[in-house]
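Reading through the structure tokens given below for one structure.
No value in this document is a laboratory result; all are computed from the given coordinates. The shown structure was predicted, so the numbers you read here are calculated from the model rather than taken from an experiment. Glycine gets a Cβ as well: all are built from the backbone with ideal geometry, and neighbour counts include every protein chain shown.
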Amino acid sequence: MKRASIFIALCLIVCLASPVAAKTTFVSIGTGGTGGIYYPYGGGVAEIWSKNVPGVKAVAEVTGASVENVKLAHKGETVIGEVMGDVAVAGFQGLSKFKGKKHKILGMAIMYPNLLQVVTLKKSGITNFEQVKGKSISTGSPGSGTNFMAEAVLAALGIAKGDYKDSRLSFTESANALRDGNIEVGTWSVGPGTSSILDLATTHDINILGFTPEQTKKILAANATYSSVDLAGGVYKGVAKPVPTIGVWNVMICQASLDTDLVYNLVKALYENNDYLMKIHPSAAYTTPENAVKYCPIPLHPGTIKYLKEKGIDVPAKLMP
């Protein structure tokens with residue numbers, strides 16, 4: 001009887017205390033491997049949200065990147081994902097690797113542009129992208145935006161999967177495989193100045209393959225979300241001149257069912273603490289409210305729209321959910 005009284009008293013204490021206990025909302029961010037920009041960028045975003053949004057605890061998670069991040073957000077295993085624009089479109093519309101299944105995602109913010117960076121060692125003698133035929137290459141890890149983009153570019157140029165041997169490695173693994181001679185060509189779709197290529201270039205003479213005007217025309221004709229852009233010279237040791245390549249914007253997506261006020265608070269904190277995010281990586285300079293309406297390839301979440309309208313930014317009809 002005495003034990004029962006003690007238990008009832010404890011229950012009363014818990015019940016009385018619970019209304020004033022702060023509720024914590026856990027926000028997981030699907031990023032990518034540690035050798036790219038997604039992971040440190042996502043880590044910076046998680047810090048901003050955890051420090052500046054009351055009741056939110058955010059964490060950046062290592063994932064297979066873009067394709068996997070769309071699937072994770074759709075299923076709710078993560079609620080936020082960092083995704084290449086072409087992959088976001090495919091997931092939203094149920095195309096390509098998503099096999100007819102439309103995923104329940106919406107745009108949240110524009111991050112920065114990715115450039116396709118096709119890397120070889122100078123001693124390989126490879127100077128043209130179409131020389132990948134018959135070679136051992138890496139198109140990026142399975143489920144990544146790099147793999148999605150590399151395969152799209154190869155297909156646009158008429159290079160079949162049977163024309164090359166694909167190891168499908170992560171950024172760090174691709175750099176190591178080039179260093180060790182296990183592959184001859186590695187592909188990265190990432191913001192310029194990524195750590196894995198920078199590290200490789202300090203120990204080996206590298207070459208970054210550019211696309212000819214004819215190749216670029218074919219690629220852009222097959223992929224509306226891509227654009228022609230130059231990788232600036234001097235980003236990597238030994239690559240002094242600009243390299244003509246292909247670009248695609250990265251978008252931060254979220255689960256479509258997320259609460260409007262939650263997304264509003266997250267977006268507000270992201271944009272109003274962008275100076276901190278730029279210290280994590282300079283590519284965050286592109287993460288602006290204006291770029292959200294210029295470059296988001298799928299409709300925006302109502303929470304983002306609420307913030308943009310509050311800032312006096314017009315949201316076009318095509319971005320309304």
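For the reader, a short list of remarks on this structure follows.
- Modelled this way, with points 7 Å down the Cα-to-C-beta line, the labels at residue 104 and residue 179 are 4.4 nm from one another.
- With R₀ set to 45 Å, the beta-carbon distance separating residue 57 from residue 135 gives a calculated FRET efficiency near 0.45.
- Calculated [θ] (222 nm, deg cm²/dmol) that DSSP helices of n ≥ 4 give over the chain, each run adding -39,500 (n - 2.57): -12000 deg cm²/dmol
- Computed E for residue 256/residue 202 - FRET, C-beta separation, R0 45 angstrom, nearest 0.05: 0.55
- With the simple spin-label model, which puts each label point 7 Å out from Cα in the Cβ direction, the residue 96 to residue 50 separation comes to 3.2 nm.
- Two-site FRET efficiency, residue 123 against residue 288, from Cβ-Cβ distance with R₀ of 41 Å, rounded to 0.05: 0.45
- Full extension of the segment from residue 313 to residue 167, taken as 0.36 nm per residue of separation minus the current Cα-Cα distance, would add 48.1 nm.
- Euclidean distance of C-alpha centroids, segment 263-287 and segment 178-257, integer Å: 24 Å
- Over the chain, the hull volume per residue, using the convex hull of the C-alpha atoms, is 171 Å³.
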